[in-house]
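The values are calculated or read from the model by the stated rules, or taken from the named source; none is laboratory data. Source: prediction; values computed, not measured. In this analysis, Cβ positions are derived from the backbone assuming ideal geometry, glycine residues included, and neighbour counts consider all displayed protein chains.
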Amino acid sequence: MVNHHGPDEGLWTYAPGIASGIRYLRSLPGVQRVIIIGHSGGAPLMAFYDNVAEHGPAVCDGPEKIYPCPASSLTHLARPDGVILLDPPLGAFHTMSGLDPAVRGEKRTPALDMFSRANGFDDVTGKATYSHRFAREFYAAQSARNDRIVARALTRLRAIEHGKGQFRDDEPFVVPGMGVNAAGARLYQTEPATFMAHTRQPHLLLKADGSTARAIIRSMRPPLGQFARELGTLRQMTQNTTVRSFLAENAIRTTPDFAITADDIVGVQWASSATSTPVNAAGITVPALVMVMTCHYLVVPGEIVYDHLAARDRTYAAVAGASHMFTPCRPQYGDTGMRTFDFVAAWLAQPGRF
């Protein structure tokens, strides 16, 4: 366990501690390989770490980055021998995907309100059925609002750097209607059968009876419309951060054709963020395992990460009936936690892998 006690301004602040941990493990008698594992928000961190460890800090401080990493602090990181990403989100995009385009000052724009009955939301069941037109306009407005917020943050950064900010080093940055963690305005939360519903290609499915199959992986998650009750709150539906932290961790560029479909996410400039899991996965050449839980919403993001991996030895596996925390979402799925980590153990022990 590596505890970090410094300023939290980007995933790179954790990298030196991880490197120290890897070096320490390699100093122990009998240790031949060190594999790093990231679960949930830890997955973007470990993808970032391995990419920089393998290729150097130039991969995260190029001109395409909205907020480049501090290259001087990321040299000579200890390289791991493998990477395991469990239910990986997509880095900065995860926060952007919760941005509410209906927020406009103290009022909401009715035509863009995903929590409105008029647009297809049922506030009793938490389910929704949105029209194609509403989804198209929602995503276009979400992308446009994201561009405005990123531009505002960059304007404030320039002011800080020229001595015209509220403080010399940083300043508060508040984004109303930008969800925290799983909260936010996400159509895939309230209409899971339509958005991020299944993979494009067949993958390995670990079934409840212990057998396996290759199949299109379908998310079994229930609709999560309870965030309608959190509208306007500081705790769940507002990013209450700083200019530098927002740019380092949550800023990513999208294009006007941005959309989340049943099996893909389009219109995202993955390389614009140093925390982007897909762009960092493209630098992972060591053996890599991506595992997703079918009772969560990361089935499609997991495939996007898998598709970007540079590793010749790469695996995508889905655990039927597992929730994000590895527990079964229904009793009939049995011990999904054991099934998850038995597979991890078998993957690690595969002859010739390392």
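For Ala111, are the conditions met, namely being assigned to a helix (DSSP H, G or I), in contact with a strand residue (DSSP E or B) (Cβ under 8 Å, 6 or more places away or on another chain), among the small types (Gly, Ala, Ser) and under 27 Å from Thr238 (Cα atoms)?
Values: assigned to a helix (DSSP H, G or I): yes; in contact with a strand residue (DSSP E or B) (Cβ under 8 Å, 6 or more places away or on another chain): no; among the small types (Gly, Ala, Ser): yes; under 27 Å from Thr238 (Cα atoms): yes.
Taking the combined requirement at face value, the residue does not satisfy it.
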Exercise. Which condition breaks for Tyr49 when tested against (1) surrounded by fewer than 20 Cβ atoms within 10 Å (Cβ to Cβ); (2) over 18 Å from Val344 (Cβ atoms)?
Worked result: (1)
For this session: Taking only region 224-243 into account, find how many residues are on the phi > 0 side of the Ramachandran plot and either part of a helix (DSSP H, G or I) or under 21 Å from the mean Cα position of the chain (by Cα) (or both).
Result: 0
Problem set entry | Lone unmet requirement of (1) at pLDDT below 95; (2) in contact with a Pro (Cβ under 7 Å, 6 or more places away or on another chain); (3) of a type outside the set (Gly, Ala, Ser) for Trp270 | (1)
Exercise. Within region 111-129, is even one residue under 30 Å from Lys65 (Cβ atoms), assigned by TED's automatic domain parsing to the domain that holds Thr238 and buried (at least 20 other Cβ atoms within 10 Å of the Cβ)?
Worked result: yes
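Any chance region 123-135 includes a residue that's assigned to a helix (DSSP H, G or I), within 27 Å of the chain's Cα centre (by Cα) and in contact (Cβ under 8 Å) with a residue 40 or more places away in the chain?
Taking every residue of region 123-135 in turn, at least one turns out to be assigned to a helix (DSSP H, G or I), within 27 Å of the chain's Cα centre (by Cα) and in contact (Cβ under 8 Å) with a residue 40 or more places away in the chain.
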Exercise. Which strands (runs of 3 or more DSSP E) does region 160-223 wholly contain that include 1 or more residues that are of a type in the set (S, T, N, Q) and surrounded by 16 or more Cβ atoms within 10 Å (Cβ to Cβ)?
Worked result: 198-206
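If you go through region 28-83 one residue at a time, how many are among the acidic types (Asp, Glu) and part of a loop (DSSP other than H, G, I, E, B)? Walk me through it before giving the result.
Start the filter on region 28-83 by keeping residues that are among the acidic types (Asp, Glu), which leaves 50, 54, 61, 64, 81.
Filter again for part of a loop (DSSP other than H, G, I, E, B), leaving 61, 64, 81.
Residues in region 28-83 being among the acidic types (Asp, Glu) and part of a loop (DSSP other than H, G, I, E, B): 3 in total.
It is to be established whether one or more residues within region 137-149 are in contact with a strand residue (DSSP E or B) (Cβ under 8 Å, 6 or more places away or on another chain), in contact (Cβ under 8 Å) with a residue 12 or more places away in the chain and not in a helix (DSSP H, G or I).
Keep residues of region 137-149 that are in contact with a strand residue (DSSP E or B) (Cβ under 8 Å, 6 or more places away or on another chain), which gives 139-140, 142-147, 149.
From what is left, the residues that are in contact (Cβ under 8 Å) with a residue 12 or more places away in the chain are 139-140, 142-147, 149.
Filter once more, so that each one left must be not in a helix (DSSP H, G or I): none.
No, region 137-149 has no match at all.
Condition first: surrounded by 21 or more Cβ atoms within 10 Å (Cβ to Cβ) and over 12 Å from the mean Cα position of the chain (by Cα). Now tell me which residues in region 261-272 satisfy that. Even if it seems obvious, please write down each step before you answer.
At the first step, the residues of region 261-272 found to be surrounded by 21 or more Cβ atoms within 10 Å (Cβ to Cβ) are 265, 268, 270.
Ile265, Val268 - these are the residues of region 261-272 that are surrounded by 21 or more Cβ atoms within 10 Å (Cβ to Cβ) and over 12 Å from the mean Cα position of the chain (by Cα).
Consider Val103 carefully, then state whether it is β-branched (Val, Ile, Thr), out of contact with any Asp or Glu (no Cβ under 7 Å at 6 or more places or on another chain), free of Cβ contacts under 8 Å to residues at least 24 places away in the same chain and not assigned by TED's automatic domain parsing to the domain that holds Arg33.
Judged against the criteria, Val103 is not a match.
Name the residues in region 269-284 that are out of contact with any Lys or Arg (no Cβ under 8 Å at 6 or more places or on another chain) and either closer than 22 Å to Ala193 by Cα or not hydrophobic (A, V, I, L, M, F, W, C) (or both), would you? Spell out the reasoning first.
Quick first cut of region 269-284, residues out of contact with any Lys or Arg (no Cβ under 8 Å at 6 or more places or on another chain) only: 270, 275-284.
Selection gives Thr275, Ser276, Thr277, Pro278, Asn280, Gly283.
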For this session: Only residues in region 21-50 that are free of Cβ contacts under 8 Å to residues at least 24 places away in the same chain and under 26 Å from Pro70 (Cβ atoms) count as the first member; pair them with residues that are assigned to a loop (DSSP other than H, G, I, E, B) and hydrophobic (A, V, I, L, M, F, W, C), Cβ under 8 angstrom, at least 6 apart or cross-chain, and list the lot.
Result: Gly21/Val2; Leu25/Val31; Leu25/Val34
Exercise. Scanning for something free of Cβ contacts under 8 Å to residues at least 40 places away in the same chain and small (Gly, Ala, Ser), does region 250-262 turn up at least one residue?
Worked result: no
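How many residues does region 107-130 contain that are closer than 16 Å to Pro222 by Cβ and among the basic types (Lys, Arg)?
Pass one, region 107-130, residues closer than 16 Å to Pro222 by Cβ: 121-129.
Applying the additional criterion that residues be among the basic types (Lys, Arg) yields 127.
Counting residues in region 107-130 that are closer than 16 Å to Pro222 by Cβ and among the basic types (Lys, Arg) gives 1.
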